[in-house]
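The values are calculated or read from the model by the stated rules, or taken from the named source; none is laboratory data. In this text, all values refer to a predicted model and were calculated from it rather than measured experimentally. Here the Cβ positions follow ideal geometry from the backbone for every residue, glycine too, while neighbour counts run over all protein chains shown.
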Amino acid sequence: MLVTGTIVSVLFGFAAWIALGRLDDAFPPPLDQSNNYSAEVFDRNGKHLRIFTNSSGRFRLKTHLDEVDDKFIRMLISYEDKRFYGHFGVDPLALLRSAAQLLSNGRIVSGGSTLTMQLARLLEPRQKRSISGKLRQMLRALQIERRLSKEQILELYLTLAPYGGNIEGIRAGSLSWFGKEPRKLELREAALLVALPQSPERRRPDKHPDIAQSARDLVLKRIAESKAVIPGEVNRVAALAVPQTRINMPMLAIHLTHAARDRNPKALAHKSTVDAKLQSRMEKLTRSSARRLGSRTSAAIVVADSVTGDILASAGSAGLEESARKGWIDMTWARRSPGSTLKPFVYGLAIEDGLVLPSSMISDRPSDFGGYRPTNFDRTYQGDITVRRALQMSLNVPSVKLLEAVSPARLVSRLERTGVKLQFPQGEYPGLGLVLGGTGVSLTELVQLYANLISNSEVPVALGDGIRNLPGPLAGRKLLSRVATWHVMDMLSGVREPTGSRPLAIAYKTGTSYGFRDAWSIGFDGKHVIGVWVGRADNGPVPGITGIKTAAPILFEAFEKSGLKLEPFPRPPEGAIRQNTSELPISLRQFVGIGSVARLTDTSDSNKLRVAFPINGHELEMPHFADGTKAPIVVKLQGGVPPFRLIEDKKLVEQIFRTREILWEPESKGTTTIAIVDSIGQAQTVSLSVR
């Protein structure tokens, strides 16, 4: 009889297992419903910039066991499901205990649900308790145990457990109630998070702190009874109150984090180069600055590391909620007129070409450049002034003179080494107005140009935030020579701080676009660059804003509040020295420019233009290279002020010569006359015969 009963039991169990398998295949548990996770965007140090809600509007963060404090896991299992690792989804002993408590007390004291059954309820929520619902949970728990390991079941429960409002999962719960990840939960914190999922709305600490504290203390009491922790520690913790406010999820770098999600919507984690603390400080500064300047005025700030190319902060507006300021527009990438902020690169290129040095004199007087007649911002002129002061005062006429000498196209080409391409209207080419803001460039691109100005690398560096673009070296050569770079940095470091700002060991340049639409200030120390833009996102004018009065004070405040350690400027490279005007070679004491009518004050014989070779009246043989092709004739000069122009038989050669050795290719053999003209109008004529 006993044998027969055993056989029947085995057969029944086997049949039940087969039936469960078929039911499992026909109606599998909805595990895929748990995949609706929140996306996270992290800063360079692993701190959150932004946590997005999932498609259901909930904060649900995918959780792994190694992201949760072991103490919490032990407390959870001890309180909710002591035999978790020993059952197959349903704990008969717990169910019997629950039924006995119901009969003796007339109410449910404990539900008898395992963690697996609770997970089943989270996957398929029900409106109210019922016997059929409990049976369905038990069936689903058995199905889940067939598919997942115990560790996977725990991870899924820790991802889906409710913690009040739209908070789901231990990570979101820990961040919302304690502002930290659940790796290092304190005892009182872990106890509250164990208690909340059983009745997340009724026990919410921000709405029902007394109920929440009672639930937490009950968890602590049971844990103490199980001797999982020292009773004295439980008593100490029980005297502490629960948090009564919910901490908002981080919401920094709005434009950047939206870009992260838009570019890779399936990714759950995005890593940026931005520093969360610095980003928060810069966002507060843009917000407060914009509100001081008017209801429609906005501001933007970019902070970058010139060594690595990392963008450390990117605040694109005064705030997404600022509809009047069109805060949804990211002004760190909007192309606008840069005003005078490109002038330092013109001066650097002129120094690199040997046209001027900081102590060279340059004329600031009304000038005509083929019909283009620039004026200074304040409509006044300084007369003869050093190149250093001309840049520091951001004078327009000297800047245009230098740009004419180095050529706008060459400046644009040089700037493109950094990966920045200036924007010009369709069909238009770079002109002399480029140096006064006649182009389009974004704040991020301006910061990239200045980062390359101060970079110590031999190759250009690209800025990147890790989301929209990656930082790092570019192919090609550095923006300017080390000597030219040092002189520009040295000149800009002498610009006085704006009124009301505290002096800082930084260099900076300001700019104001035509019509008071944009105010700029770009500053740097020996490593960091900070760029500030102020204006209206709709490109409307803001009467009275200027780079020096509006943007520069924000720049200085940004450096002060950034927390960055100011790095010293580099030592002068070989060949870079400060000199007085009188110590310069005569040819560098004053720059006049192409076509100018000004003259040097020094008219000594040593500065007079002479053609040393060929000699007037001589006959020359047309030179050739070894392969038989025609070679140029070397015209050697003495004195004069470069650059030089060559006129052959009354026809002007287009090329401009900046050295005293000119390579001249005669158009034909025979008698010809050449004339050499220097930059101050001196001319020397030579007649010769070429055979």
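Please go through (1) on the phi > 0 side of the Ramachandran plot; (2) under 32 Å from the mean Cα position of the chain (by Cα) for LEU470 and return the number of the only condition it doesn't satisfy.
For LEU470, the failing item is (1).
Counting only residues that are closer than 26 Å to ARG188 by Cβ and modelled with pLDDT under 90, how many does the range 32-73 have?
Adding up the residues that qualify gives 1.
If ARG97 satisfies every condition in (1) basic (Lys, Arg); (2) outside any helix (DSSP H, G or I); (3) at pLDDT below 85 but one, which is the exception?
(2)
Specify the residue that is farthest from LEU256 (Cα to Cα); the eligible residues are those in the range 311-324 that are buried (at least 22 other Cβ atoms within 10 Å of the Cβ) and in contact with a Gly (Cβ under 8 Å, 6 or more places away or on another chain). Please lay out each step first, then the result.
Of all residues in the range 311-324, those buried (at least 22 other Cβ atoms within 10 Å of the Cβ) come to 311-318.
Right, trim to in contact with a Gly (Cβ under 8 Å, 6 or more places away or on another chain) and you get 311, 317-318.
Numbers: ILE311: 11, SER317: 12, ALA318: 14 Å.
This residue is ALA318.
Please count how many residues of the range 514-542 are of a type in the set (Ser, Thr, Tyr) and either crowded, with 24+ Cβ neighbours inside 10 Å or within 20 Å of the chain's Cα centre (by Cα) (or both). Full working, then the answer.
Applying the first criterion (of a type in the set (Ser, Thr, Tyr)) to the range 514-542 yields 514, 521.
Next cut, either crowded, with 24+ Cβ neighbours inside 10 Å or within 20 Å of the chain's Cα centre (by Cα) (or both) only: 521.
Residues that pass the stated criteria total 1.
GLU233 fails exactly one of the following numbered conditions: (1) surrounded by fewer than 16 Cβ atoms within 10 Å (Cβ to Cβ); (2) outside the structural domain of GLY173 (by TED's automatic domain parsing). What is the number of that condition?
(2)
Going residue by residue through the range 184-194, is there one that turns out to be more than 14 Å from ILE51 (Cβ to Cβ), under 34 Å from the mean Cα position of the chain (by Cα) and either surrounded by 24 or more Cβ atoms within 10 Å (Cβ to Cβ) or not charged (D, E, K, R) (or both)?
Yes, some residue in the range 184-194 is more than 14 Å from ILE51 (Cβ to Cβ), under 34 Å from the mean Cα position of the chain (by Cα) and either surrounded by 24 or more Cβ atoms within 10 Å (Cβ to Cβ) or not charged (D, E, K, R) (or both).
Scan the range 665-682 for residues that are loosely packed, with under 13 Cβ neighbours inside 10 Å and not β-branched (Val, Ile, Thr) and report the count.
Start the filter on the range 665-682 by keeping residues that are loosely packed, with under 13 Cβ neighbours inside 10 Å, which leaves 665, 667-671.
So of that shortlist, the ones also not β-branched (Val, Ile, Thr) come out as 665, 667-670.
So the count comes out to 5.
Name the pairs: first residue in the range 663-691 and within 10 Å of ASP649 (Cβ to Cβ), second residue surrounded by 17 or more Cβ atoms within 10 Å (Cβ to Cβ), Cβ to Cβ under 6 Å, at least 6 apart or on different chains?
PRO666/VAL690; ILE674/VAL686
Strands (runs of 3 or more DSSP E) wholly in the range 602-685 with at least 2 residues that are within 30 Å of SER582 (Cβ to Cβ) and at pLDDT below 80 - which ones? Give the derivation first.
Values: elements: 610-613, 633-638, 645-648, 661-664, 670-677.
Of the strands (runs of 3 or more DSSP E) lying wholly inside the range 602-685, none has at least 2 residues that are within 30 Å of SER582 (Cβ to Cβ) and at pLDDT below 80.
Among the residues of the range 172-205, write down those that are of a type outside the set (A, V, I, L, M, F, W, C) and more than 24 Å from ARG222 (Cα to Cα).
The answer is SER176, GLY179, LYS180, GLU181.
Please work out which one of (1) surrounded by 18 or more Cβ atoms within 10 Å (Cβ to Cβ); (2) modelled with pLDDT of 95 or more is the condition ILE223 fails and give its number.
(2)
State which residue is farthest from the chain's Cα centre (by Cα) when the search covers only the range 543-580 and only residues that are polar (S, T, N, Q) and buried (at least 16 other Cβ atoms within 10 Å of the Cβ). Quick ask: steps written out before the conclusion?
The initial filter retains those residues of the range 543-580 that are polar (S, T, N, Q), namely 546, 550, 562, 579-580.
Checking which are buried (at least 16 other Cβ atoms within 10 Å of the Cβ) leaves us with 546, 550, 562.
Values: THR546: 25, THR550: 23, SER562: 14 Å.
Result: THR546.
Which numbered condition trips up ARG292, out of (1) crowded, with 24+ Cβ neighbours inside 10 Å; (2) of a type outside the set (Ser, Thr, Tyr); (3) closer than 19 Å to SER521 by Cα?
For ARG292, the failing item is (1).
Being on the phi < 0 side of the Ramachandran plot, out of contact with any strand residue (DSSP E or B) (no Cβ under 7 Å at 6 or more places or on another chain) and basic (Lys, Arg), is that true of even one residue in the range 522-542?
No - not one qualifying residue is present in the range 522-542.
What is the residue count in the range 377-400 for residues that are without any contact (Cβ under 8 Å) to a residue 24 or more places away in the chain and at positive phi? Don't jump to the end; show me each part of the working.
Looking only at the range 377-400, we keep the residues that are without any contact (Cβ under 8 Å) to a residue 24 or more places away in the chain, and these are 378-383, 389, 393.
This time we only want the ones that are at positive phi, so: 379, 383.
Selection size over the range 377-400: 2.
From the set of residues in the range 553-593 that are within 22 Å of THR386 (Cβ to Cβ) and of a type in the set (A, V, I, L, M), which is modelled with the lowest pLDDT?
Ranking the candidates gives VAL592 first.
Under the condition of being acidic (Asp, Glu) and at pLDDT 95 or above, which residue from the range 130-180 is surrounded by the fewest Cβ atoms within 10 Å (Cβ to Cβ)? Working first, answer last.
Step one: of the range 130-180, the residues acidic (Asp, Glu) are 145, 151, 155, 168.
Right, trim to at pLDDT 95 or above and you get 151, 155, 168.
Values: GLU151: 10, GLU155: 21, GLU168: 28.
In this case the residue turns out to be GLU151.
When the range 195-217 is examined, which residues are found to be exposed (fewer than 15 other Cβ atoms within 10 Å of the Cβ) and not in a loop (DSSP other than H, G, I, E, B)?
Let us first name the residues in the range 195-217 that are exposed (fewer than 15 other Cβ atoms within 10 Å of the Cβ), namely 201-202, 207, 210, 214.
Answer for the range 195-217, where residues must be exposed (fewer than 15 other Cβ atoms within 10 Å of the Cβ) and not in a loop (DSSP other than H, G, I, E, B): ASP210, SER214.
I'd like the full set of residues that are among the acidic types (Asp, Glu) and free of Cβ contacts under 8 Å to residues at least 60 places away in the same chain, limited to the range 552-573.
Taking the range 552-573 and keeping what is among the acidic types (Asp, Glu), we get 557, 560, 567.
Within the range 552-573, GLU560, GLU567 meet the criteria.
Filter the range 63-88 for residues that are in a loop (DSSP other than H, G, I, E, B) and more than 46 Å from the chain's Cα centre (by Cα); which is surrounded by the most Cβ atoms within 10 Å (Cβ to Cβ)? Give the derivation first.
Residues of the range 63-88 in a loop (DSSP other than H, G, I, E, B): 63-64, 68-69, 81-88.
The next check asks that each one be more than 46 Å from the chain's Cα centre (by Cα); those that pass are 81-88.
Details: ASP81: 22, LYS82: 15, ARG83: 12, PHE84: 17, TYR85: 9, GLY86: 10, HIS87: 18, PHE88: 12.
Per the criteria, the residue is ASP81.
Return the residue satisfying two criteria in turn: it lies in the range 404-452 and is hydroxyl-bearing (Ser, Thr, Tyr) and more than 17 Å from the chain's Cα centre (by Cα), and of such residues it is surrounded by the most Cβ atoms within 10 Å (Cβ to Cβ).
Taking the range 404-452 as the starting set, the residues that turn out to be hydroxyl-bearing (Ser, Thr, Tyr) are 407, 413, 418, 429, 439, 442, 444, 450.
Those left that are additionally more than 17 Å from the chain's Cα centre (by Cα): 407, 413, 429, 439.
Numbers: SER407: 14, SER413: 11, TYR429: 10, THR439: 24.
Among those that are hydroxyl-bearing (Ser, Thr, Tyr) and more than 17 Å from the chain's Cα centre (by Cα), it is THR439.
Within the range 555-567, can one find any residue that is in a loop (DSSP other than H, G, I, E, B), within 15 Å of ARG336 (Cα to Cα) and either assigned by TED's automatic domain parsing to the domain that holds ILE301 or of a type in the set (Phe, Trp, Tyr) (or both)?
As a first pass, look at the range 555-567 and keep what is in a loop (DSSP other than H, G, I, E, B): 563-567.
Next cut, within 15 Å of ARG336 (Cα to Cα) only: none.
Checked against the condition, which is being in a loop (DSSP other than H, G, I, E, B), within 15 Å of ARG336 (Cα to Cα) and either assigned by TED's automatic domain parsing to the domain that holds ILE301 or of a type in the set (Phe, Trp, Tyr) (or both), the range 555-567 yields no hits at all.
Being polar (S, T, N, Q), at positive phi and out of contact with any helix residue (DSSP H, G or I) (no Cβ under 8 Å at 6 or more places or on another chain) is true for just one of SER407, SER413. Which residue is that?
Values: SER413 fails: at positive phi.
Going through SER407, SER413 in turn, the sole match is SER407.
Somewhere in the range 490-508, is a residue surrounded by 22 or more Cβ atoms within 10 Å (Cβ to Cβ) and part of a helix (DSSP H, G or I)?
yes
Report yes if some residue within the range 411-432 is β-branched (Val, Ile, Thr) and either part of a loop (DSSP other than H, G, I, E, B) or not assigned by TED's automatic domain parsing to the domain that holds TYR347 (or both); otherwise report no. Write out each step before concluding.
Of the residues in the range 411-432, the ones β-branched (Val, Ile, Thr) are 412, 418, 420.
From what's left, either part of a loop (DSSP other than H, G, I, E, B) or not assigned by TED's automatic domain parsing to the domain that holds TYR347 (or both): 420.
There is at least one residue in the range 411-432 that is β-branched (Val, Ile, Thr) and either part of a loop (DSSP other than H, G, I, E, B) or not assigned by TED's automatic domain parsing to the domain that holds TYR347 (or both).
State whether the residues of the range 145-153 include one that is under 23 Å from ALA224 (Cα atoms) and in contact (Cβ under 8 Å) with a residue 12 or more places away in the chain. Give the derivation first.
Initial filter on the range 145-153 (under 23 Å from ALA224 (Cα atoms)): none.
For the range 145-153, residues under 23 Å from ALA224 (Cα atoms) and in contact (Cβ under 8 Å) with a residue 12 or more places away in the chain: absent.
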